[in-house]
Amino acid sequence: MSESVPTLRGRIREALRRTSVRWLLTAVMTLAVGGAMSPFVVAAFRVDAWRQAMVQLLRASTLEQRDVAAVALLEKGEVQVLGETFSSDRLRAVGADLFDRKGRVLDPVMVAEILLAPRYPEWAPTFLVENPLTPVLAAVAVLASGVGAIWFGLLPGYLTVVGLTGAVSAAGLLSGRPAVAFVATGMAGLVISFVLLMRLLMVLLGGRSGWMAVGQTVVREAVRLRISVGFIVVLLVVLPLIPLFIDPRSPLRYQIQTFMARGLDLAYICAACMTLTLGCATVAFEIRDRQIWQLMTKPLARLQYLLGKWAGIVALDAVLLLVCGIGIFLFVQWMRLRPAMDDGDRLAVRDEVLVARESCRPPYLPMTRDELNAAVDSAVASDSVLKSDLDAGRRTIEDVRRELGKQQQKDHLARQRQVAPGESRALVFRGLGEARRPGETVTLRFLLHAGASDTHSVYPVMFRFKDGSWIDRQFIPSQSGVLPVPAELIDDQGTLEVEFMNVAFDPKSKAFLPGPFTFNWDEDAVEVLYRVGGFEGNYLRAMTVNLVKFSFLAMLAVCSATFLSFPVACLLSFAIFLAGSLSPFLAESLRFQTLDFGDGWLGQAVTLVVYAIANAVEFLLRPFGRISANDALVRGLNVGWSRLGEAMLVIGAGWTGLSLLVGWLAFRRRELAIYSGQG
């Protein structure tokens with residue numbers, strides 16, 4: 001018996017090496033995955049057909065024309081499409097609130113989602129049937145992992161991991177602990193994906209070119225180095241645990257945004273640290289341990305050596321980003337199944353988080369030079385204390401005018417962002433031509449302050465539009481609010497005018513009453529957001545931006561180690577990485593220069609030197625911090641092709657190329673074969 005087990009294992013391994021057996025297993029795997037996923041695909045296409053027909057019908061229906069669909073929605077809360085009747089008691093309860101002043105449905109997509117919610121199959125997770133593309137991509141991913149395990153000779157281990165994961169998940173579900181099933185499935189999926197992609201990477205780098213051989217060596221070295229393995233393990237193990245530490249009682253959109261922020265930041269930081277550490281170590285240690293002698297005696301140019309090291313690290317980063325990116329994406333879809341606070345919260349996930357939106361803010365006009373000079377002259381003339389300081393020589397007129405000019409300009413801009421009780425202020429949003437689509441809506445986001453900004457208080461606000469229609473709302477100070485606005489209100493020039501009114505409408509007296517307090521807002525607290533794409537494409541562009549930044553970090557680390565020791569190369573590389581990441585905060589700090597080393601000539605000289613260095617660092621590394629993708633992705637903002645192109649051109653080509661040039665010039669002049677006779 002003891003001898004038959006190894007014999008059986010050997011026969012299985014020998015059979016799995018045969019091409020005919022692999023093709024047979026591939027066919028079986030394809031049929032199994034296709035049969036298992038086909039019900040989800042069929043259900044997703046059926047739901048999508050209902051949604052498209054329902055949205056098209058609601059966009060074409062108005063109460064003014066007494067359209068059947070609009071009247072049925074108002075009176076019964078139901079819609080009939082494709083021979084099916086969809087109804088909702090909640091829609092019937094809100095009634096007229098679903099329509100604007102002209103009888104148009106404010107948000108047809110929201111109405112469709114509420115009506116479709118009861119029709120989702122109970123046997124399927126919502127995210128798998130909500131979008132037809134999702135089950136198709138899921139089937140392709142599962143099939144790719146299975147086929148990869150077959151052709152890479154990893155099928156026994158693959159089936160073992162899948163079996164153990166299934167057993168643990170089933171035990172967790174049967175015991176009422178779905179979190180156990182989630183964590184087990186997440187960890188197993190990430191580990192399997194990483195192992196298969198690493199095996200694929202080794203195959204791709206198996207060519208005869210010198211730089212490919214160097215790149216393959218870097219990948220093998222990354223697996224051997226404990227530091228690199230540590231970062232990889234942290235990503236693959238900790239990532240599935242993050243959702244368990246997010247408060248499920250908070251709004252669903254905040255839960256998903258919190259997970260995305262933590263997951264993306266964890267992946268970004270771990271991958272960046274691994275890139276810098278591995279890049280410095282792989283070159284510095286080979287030079288220190290004289291292993292590079294064997295490479296330089298072969299027909300391998302030093303430029304090829306540097307490119308091979310860089311390519312290996314970037315390829316490893318691509319694998320890590322792909323695994324973590326797919327993991328975060330799937331975890332987000334799983335978190336969407338958590339209970340939402342209400343329908344608005346669930347729809348906010350779709351319309352405000354898992355979306356790609358552009359932002360448009362109103363301009364606030366500064367005072368002209370003549371207006372500013374007049375305001376400063378008036379302020380000087382009306383301040384007796386200031387005039388006495390000027391007469392006594394305690395202050396100079398240039399310093400006073402500069403200080404008063406800044407304050408007057410600041411106050412002038414602040415007055416454009418406040419509305420007194422009973423008054424109004426019109427804001428103009430330009431450049432919305434792309435958002436002017438019939439039947440669509442744009443989102444007006446606002447965050448207002450009033451009184452003591454107590455979050456337990458509620459104050460009125462009214463929004464009036466150019467066509468005379470108006471919508472009254474209530475806002476909570478210091479909390480963001482959103483208002484869907486029909487895209488038809490945008491004129492032919494792509495301009496939307498919204499009047500903020502500090503009044504409340506009394507339905508009993510049919511009168512407008514002034515609000516209790518003056519409300520105001522910050523410069524970036526009022527904006528119009530409109531959809532320009534889906535979450536999936538936005539997510540892919542964001543991951544690509546991060547990979548481009550990692551390519552620069554890899555080249556920076558590799559080239560630093562060509563002329564510096566490992567500790568010094570790490571210090572330089574991490575310093576540049578931190579300075580670049582913090583450049584937006586440094587720029588904000590430099591706007592308010594408060595650092596002062598004294599009034600003497602030495603103190604002023606030191607101050608000027610410090611500010612000169614800080615400004616130079618901020619200017620040189622500004623693109624690295626400005627071209628950021630994670631924050632925009634979490635906020636549902638569009639990571640556009642322009643940002644991706646800028647990242648590739650400035651960081652991917654410019655900075656990476658410059659680092660390669662500096663490293664190559666230093667490396668080609670360095671004498672590597674100096675031997676002291678010791679060691």
For Lys76, the lysines lying under 29 Å Cα to Cα, once residues fewer than eight places off in the same chain are dropped, come out as Lys102, Lys508, Lys510
Which length gain, in nm to one decimal place, applies between Val380 and Glu398 when the Cα-Cα distance is subtracted from 0.36 nm times their residue separation? 5.3 nm
So, with points 7 Å from each Cα along the Cβ direction, the Asp247-Leu173 label distance in nm works out to 3.1 nm
Principal semi-axes in Å for the range 125-234 [√(5λ), Cα gyration tensor, largest first]: 31, 18, 13
Search the structure for amide H atoms under 5 Å from the amide H of Ala504, placed 1.01 Å from N in the peptide plane, and list their residues when 5 or more places away or on another chain. Leu513, Gly515
Can you spot the lysines whose alpha carbon is less than 23 Å from Lys549's alpha carbon? Ignore those fewer than 8 places along the same chain. Lys309
Equivalent ellipsoid dimensions for the range 45-140 as semi-axes, Å, which come from the Cα gyration tensor, largest first: 27, 13, 11
At 0.36 nm per residue, minus the direct Cα-Cα distance, what do Arg92 and Glu14 gain on full extension? Give it in nm, one decimal, please. 21.4 nm
What is the Cα centroid distance between the range 413-486 and the range 506-520, reported in whole angstrom? 15 Å
Would you give the gap between the C-alpha center of the range 29-108 and the C-alpha center of the range 274-343, rounded to a whole Å? 46 Å
Report the Cα centroid-to-centroid distance between the range 640-666 and the range 159-173 in angstrom, as an integer. 45 Å
Farthest towards the positive end of the dipole of the range 344-413, among Thr368, Ala379, Val355 and with Cβ unit charges of +1 on Lys and Arg and -1 on Asp and Glu, lies the Cα of Val355
Spin-label proximity, Leu31 to the range 131-149 - amide N less than 20 Å from point 7 Å beyond Cα toward beta carbon: 139-140, 142-149
What is the dipole size for the chain, taken about its Cα centre, with +1 at each Lys and Arg Cβ and -1 at each Asp and Glu Cβ, in debye to the nearest 20? 2880 debye
Given backbone amide H placed at 1.01 Å from N, residues whose amide H is under 5 Å from that of Leu637, ignoring those fewer than 5 places away on the same chain, are Arg357
In the range 112-133, which residues have a backbone nitrogen under 15 Å from the label point lying 7 Å from Thr85's Cα in the Cα-to-Cβ direction? none
Between Arg199 and Gln65, Cβ-based FRET efficiency (R0 60 Å, step 0.05) works out to 0.45
Would you list Glu440, Glu499, Glu84 from fewest to most Cβ contacts within 10 Å? Glu84, Glu499, Glu440
What list do you get for Leu582, Leu321 if you sort them by fewest beta carbons within 10 Å? Leu582, Leu321
From fewest to most C-beta neighbours within 10 Å, the residues Tyr268, Tyr530 line up as Tyr268, Tyr530
Computed over all unlike Cα pairs, the Kirkwood hydrodynamic radius of the chain in Å stands at 30.1 Å
For Ala124, placing the label point 7 angstrom along Cα-to-beta-carbon and taking the range 18-37, residues whose amide nitrogen sits under 15 Å are 34-37
Taking the alpha-carbon distance from Lys406 and a cut-off under 20 Å, which lysines remain once sequence neighbours fewer than 8 residues away in the same chain are dropped? Lys387
Using the Cα centre as the reference, give the magnitude of the dipole from point charges on the C-beta atoms of the range 369-412 (Lys, Arg: +1; Asp, Glu: -1; all else neutral), rounded to the nearest 20 debye. 140 debye
Largest first and to the nearest Å, give the Cα extent of the range 417-472 along each principal axis. 40, 22, 19
³J(HN,Hα) computed for each position of the range 475-482 - Karplus, 6.51 cos²θ - 1.76 cosθ + 1.60, integer Hz, glycine/proline x: 10, 9, x, 6, 10, 6, x, 10
If you build the convex hull over the alpha carbons only and average its shadow over all orientations, what do you get for the range 418-533? Give it in nm² to one decimal. 7.8 nm²
R0 of 30 Å, Cβ-Cβ distance Leu540-Arg437: FRET efficiency to nearest 0.05: 0.80
Using 1/(1 + (r/R0)^6) with R0 = 35 angstrom and r between the beta carbons of Arg288 and Phe585, what's the FRET efficiency to the nearest 0.05? 0.45
May I ask you to give the average projected area over all directions of the convex hull of the Cα atoms of the range 369-412, in nm² rounded to one decimal? 2.9 nm²
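Taken together, the values in this text are just the output of simple stated rules run on the coordinates, not laboratory data. Worth saying up front: this structure is predicted, and the values here are computed from it rather than measured. Every residue, glycine as well, gets a Cβ built from its backbone with ideal geometry; the counts of neighbours run over all protein chains shown.
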